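Notes for the one structure printed next.
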Amino acid sequence: MNTNGITGAVTEAGGRIKEAAGAVGNDTGLRAEGLYDQAAGQAERAVGRAKDTVSQNPMSSILTAGLVGLAVGFILGRS
């Protein structure tokens with residue numbers, strides 16, 4: 001696990017604590033901030049997983065990125 005995964009997990013855990021504190025204290029702002037932190041943590045963990053995948057399988061990652069780029073270019077070219 002890289003630093004993105006660790007940071008994301010900590011952010012997500014903090015968001016859960018904030019959400020719970022907001023729910024107990026009936027503070028919608030704190031609860032919303034907790035939900036935001038959870039989403040940000042999940043996104044950070046996803047970045048970490050993507051980095052791990054690319055470092056473990058560089059050729060398949062390059063092929064996948066190329067195919068996605070080709071598909072996006074094809075779709076945008078038809079517009």
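Residues in the range 2-11 carry Karplus couplings, in order, of 9, 5, 4, x, 5, 4, x, 5, 5, 4 Hz; the curve used is 6.51 cos²θ - 1.76 cosθ + 1.60 with θ = phi - 60°, and Gly or Pro positions show x. Coordinate range of the alpha-carbon atoms in the range 1-60 per principal axis, descending: 50, 15, 10 Å. Using only Cα atoms and rounding to the nearest 10 degrees, what angle (0 to 90) does helix 28-56 make with the longest principal axis of the chain? Compared with the principal axis, the helix lies near 30 degrees. Rounded, prolate or oblate: which fits the range 29-71 when a ≥ b ≥ c are the square roots of the eigenvalues of the alpha-carbon gyration tensor, with rounded for a/c under 1.5 and prolate only if a/b beats b/c? In terms of gyration-tensor shape, oblate. Residues 11, 3 ordered from highest to lowest accessible area at a 1.4 Å probe: 3, 11. Overall, the chain carries a charge dipole of about 280 debye about its Cα centre when +1 sits on the Cβ of Lys and Arg and -1 on the Cβ of Asp and Glu, all other atoms neutral. The H on the amide N of residue 2, modeled in the peptide plane, is under 5 Å from the matching H of no residue at least 5 residues off or on a different chain. Which of 42, 5, 66 sits farthest toward the positive end of the charge dipole of the chain, with +1 on the Cβ of Lys and Arg and -1 on the Cβ of Asp and Glu? Among 42, 5, 66, the one farthest towards the positive end of the dipole of the chain is 66.
Subtracting the Cα-Cα distance of residue 60 and residue 3 from 0.36 nm times their residue separation leaves 18.2 nm of extension gain.
The values are calculated or read from the model by the stated rules, or taken from the named source; none is laboratory data. Keep in mind that this is a model prediction, so the values were computed, not measured. Cβ sites come from the backbone with ideal geometry, for glycine too, and all protein chains shown count toward neighbours. Quick note on the areas: whole protein, heavy atoms, side chains included, nothing else; ligands and nucleic acids left out. Shrake-Rupley method; radii C 1.70, N 1.55, O 1.52, S 1.80 Å.
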